[in-house]
Amino acid sequence: MSKARTAVLISGRGSNMMALVEAARAPEYPAEIVCVVSSRADAGGLDFAAANGIATRAISHKDYATREAYDSAIDVYLRSMKVEAIALAGFMRVLSADFVAGWDGRILNIHPSLLPAYKGLHTHERAIADGARIAGCSVHLVTPELDGGPVLLQAEVPVLPADTPGTLAARVLRQEHRIYPQALAWLANRIIEDRE
Ligand code: GAR
C-alpha cells in the first residue's frame, strides 16, 4: 500500500518537521514526507530536509502582492508534487480560507498550548503570566478559524515555579515531537483508506 504523500510547511528551525521525517523512516509508517516548503529562504530546517533527500522550496510572501496569490503559489507547488496531506510545523503564516477549503480535512497544525486555551502567539509567556499549573501542546485539523479546528491529540506538561518561557517551551517541544508523528499517522491512514 502506498504511503500518503505529505508536505511539511515550516518557517524556521523545523524541529517538528525533523520529528516527522524521522518517524516516516519506519517502513510501516503510513506517511511519506515528499517535500518541505518554507516561508523563509533562511529557515534552518531546509538544510536538514535537503540533506535527507527531500525536495525543498522556499516561497516567500514578500514575492506576492496578496495573501491569495501567495497561497496559490504554495498550492500550485504542492499539487505539482502530488501532495495528499499537509503538516504545518512552525509555519508562521495564516492560510487563506480558499487554500484551507482546497485541502479540507487534510491539513494538520501543531500548536504550543492546550487548545482552546492560548490561541495565537506567545503561548508560554501568557500561561506563565496567568499562573497556569499545566501547559502543553495540541495537534488539530486546520480550518479557516486560526488555531480553531478540531483537536486530534494533546499532551500536558507541568508548569514549574522556576519556569521561564524558554524552559517551558523546551518541555512542551519534547511532547510536540512525540504527538505530531502520531497525529500525522492517523491522518495518513485515513487518506489511504479514502483512496480504496
Ligand atoms: C513549535 O513550538 C510550534 O508548536 C510553534 O512553533 C514552534 C516551531 O518549532 N508553532 C506555533 O506557534 C504556530 N502558531 P520548530 O520549527 O522547531 O518545529
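Quick one: putting +1 on the C-beta of Lys and Arg, -1 on the C-beta of Asp and Glu, what dipole do you get for segment 104-196 around its Cα centre, in Debye to the nearest 20?
Numbers: 9 positive and 11 negative charges, 48 e Å.
In total the dipole reaches around 220 debye.
Distance between the C-alpha centers of segment 1-46 and segment 163-188? Whole Å please.
Going from one Cα centre to the other spans 15 Å.
Given a 1.4 Å probe and every protein chain left where it sits, what share in percent of the accessible area of segment 38-196 is carbon and sulfur? Display every interim value, and only then the final one.
Details: 4330 of 8010 Å².
Whole-percent figure for carbon plus sulfur exposure: 54.
Out of Asp147, Asp63, Asp42, any idea which swings most in a Gaussian network model of the chain, alpha carbons joined below 10 Å?
Asp63
Under a 10 Å cutoff between Cα atoms, tell me which one of Ile110, Ile134, Ile59 has the largest fluctuation in the Gaussian network model of the chain.
Ile134
Counting pairs of alpha carbon atoms under 8 Å apart in space and at least six apart in sequence, what relative contact order in percent does the chain give?
On the way: 374 pairs, mean separation 43.1, N = 196.
Over the chain, the number comes to 22 percent.
Give a quick list of trypsin sites (Lys or Arg not before Pro) in segment 1-79 that DSSP marks as loop, anything other than H, G, I, E or B, with at most 14 other Cβ atoms within 10 Å. The partial results should precede the final answer.
Numbers: sites: Lys3, Arg5, Arg13, Arg25, Arg40, Arg57, Lys62, Arg67, Arg79; in loops: Lys3, Arg13, Arg25, Arg40.
Loop-located and lightly packed - Arg25.
Assign one of three labels to segment 1-91, namely rounded, prolate or oblate, based on the Cα gyration tensor with a ≥ b ≥ c the square roots of its eigenvalues; rounded applies when a/c is under 1.5, prolate when it is not and a/b is larger than b/c, and oblate otherwise. Working shown, then result.
On the way: a/c = 2.38, a/b = 1.46, b/c = 1.63.
Here segment 1-91 falls in the oblate category.
If you roll a 1.4 Å probe over the heavy atoms of the protein chains, what accessible area per residue do you get for segment 126-182, in Å²?
Working: 2900 Å² over 57 residues.
Spelled out: the 1.4 Å probe surface of segment 126-182, per residue, equals 51 Å².
Going 7 Å from the Cα of Ala101 along its beta-carbon direction, which residues of segment 143-167 have the amide nitrogen within less than 19 Å of the resulting point?
It comes to 143-150, nothing else.
Roughly what % of DSSP beta bridges within the chain run antiparallel, to the nearest 5? Write down the numbers at each step before the final one.
Working: 11 of 29 bridges.
Antiparallel: roughly 40 percent of the beta bridges in the chain.
Show me, bin by bin at 5 Å from 0, the whole-percent P(r) of the chain based on Cα pairs.
1, 8, 16, 20, 21, 16, 10, 5, 2, 0, 0
May I ask you to give the solvent-accessible area per residue for segment 20-59, in square angstrom, as obtained with a 1.4 angstrom probe?
On the way: 1850 Å² over 40 residues.
Per residue, segment 20-59 has 46 Å² of solvent-accessible surface.
Relative contact order of segment 135-178: what whole-number percent is it, with Cα pairs under 8 angstrom and at least 6 residues apart? If you can, show how the numbers build up before the last one.
On the way: 50 pairs, mean separation 18.0, N = 44.
Here the relative contact order equals 41 percent.
Only Lys, Arg, Asp and Glu count, each charged at its Cβ (+1, +1, -1, -1), so figure out the dipole size of the chain about its Cα centre, rounded to 20 debye. Please report the intermediate quantities before stating the final value.
On the way: 20 positive and 22 negative charges, 60 e Å.
The calculation lands at about 280 debye.
The values are calculated or read from the model by the stated rules, or taken from the named source; none is laboratory data. Predicted model only: the values in this text are computed from it and were never measured. All Cβ positions, glycine included, derive from the backbone under ideal geometry; neighbour counts span all protein chains shown. Remember, those area values only see protein heavy atoms, side chains included, never the ligands or the DNA or RNA. Shrake-Rupley method; radii C 1.70, N 1.55, O 1.52, S 1.80 Å.
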